[in-house]
Amino acid sequence: MPDEIESKASHVSGGAYTGSEKIGTINVADEISNSFLDYSMSVIISRALPDVRDGLKPSQRRILYAMHELSLFPGRKPYKCAKICGDTSGNYHPHGEAVIYPTLVHMAQPWAMRERLVAALSTQAVGKVDIVDGFFDALPVPDASADLVVACSALERDAAHGGAAGLAEMERVCTPDGLMVVVWPSHLDWLSAQGFTYLSFPGRMWMEFRDPEEAIEMTEIFYPHAAAEVRARGEARVEYDVIGVNPPRDLAFKVNKR
């Protein structure tokens with residue numbers, strides 16, 4: 001094969017080319033070398049190397065986020081791995097789900113990543129939050145230990161999703177005159193009967209990241225359809241409308257009077 005391949009637009013008619021295309025001369029060896037190197041670096045940086053901030057690869061981070069969105073917390077009912085793999089692949093991962101299952105299993109194996117993940121989460125939480133096992137029906141937290149207790153739409157009237165026992169736990173943990181809040185409330189009639197007041201914030205809402213680079217990176221992972229728009233804006237603030245997510249403007253709150 002010759003090193004140089006010459007192509008002229010005048011020699012091309014029909015086929016896969018159009019008359020407006022510009023066809024130039026390239027060195028095949030250089031093109032293959034550069035293209036392969038770019039692709040290799042992209043694979044290494046974007047897929048193979050763990051992020052120095054949390055030690056996770058993108059595929060592992062996507063799995064954990066998908067499990068969070070499914071409310072797979074300790075004490076909840078079990079889900080088939082196929083559900084986690086399907087949600088991860090369909091919502092966040094640009095590849096087939098066959099590669100997700102071994103990654104999920106690897107993260108759960110005690111001799112692989114399980115203990116490291118638990119230790120890392122505990123270290124990151126020092127001085128910020130306490131990581132505890134259980135759901136609202138059995139929180140290992142002292143009475144009246146928090147001024148603000150927040151739940152999301154996962155707390156529902158059904159006993160399997162918190163129910164009356166969940167609200168009772170919120171009251172127990174909350175200090176007198178503290179605030180109990182349910183974001184994205186699912187059953188306003190039920191919460192209203194328990195003394196909660198519904199509130200909806202008008203106007204635009206956004207997520208604020210450390211800098212534009214972090215905003216772009218997180219968007220590429222979790223909202224890839226909006227990555228180009230976030231990159232073009234170049235801002236640390238990302239409006240919910242841009243990523244197509246319902247903003248947390250709706251909530252129900254109650255002052256703990258006891």
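Scanning segment 6-32 for residues that are of a type in the set (Gly, Ala, Ser) and modelled with pLDDT of 75 or more yields Gly24, Ala29. Kindly indicate whether Ala144 is in the same structural domain as Val245 (by TED's automatic domain parsing), at pLDDT below 85, aliphatic (A, V, I, L, M) and over 30 Å from Tyr92 (Cα atoms). Yes; evaluated as a whole, the condition is true for this residue. When Ala228 is tested against (1) buried (at least 16 other Cβ atoms within 10 Å of the Cβ); (2) more than 30 Å from Lys77 (Cα to Cα), only condition (1) is not met.
If the condition is being in contact (Cβ under 8 Å) with a residue 40 or more places away in the chain and in contact with a strand residue (DSSP E or B) (Cβ under 6 Å, 6 or more places away or on another chain), then segment 185-196 contributes Pro185, Leu188, Leu191, Gly195, Phe196.
Taking the conditions (1) within 30 Å of Ala165 (Cβ to Cβ); (2) modelled with pLDDT under 90; (3) buried (at least 16 other Cβ atoms within 10 Å of the Cβ) in turn, Ala215 satisfies each one other than (1). Can you tell me which residues in segment 70-101 are under 25 Å from Thr219 (Cα atoms) and assigned to a loop (DSSP other than H, G, I, E, B)? Correct list: Leu70, Ser71, Leu72, Phe73, Tyr92, His93, Pro94, His95, Gly96.
The values are calculated or read from the model by the stated rules, or taken from the named source; none is laboratory data. These numbers were taken from a predicted model, which means no experiment stands behind them. For neighbour counting, all protein chains shown are included, and Cβ atoms are generated from backbone atoms with ideal geometry for every residue, glycine included.
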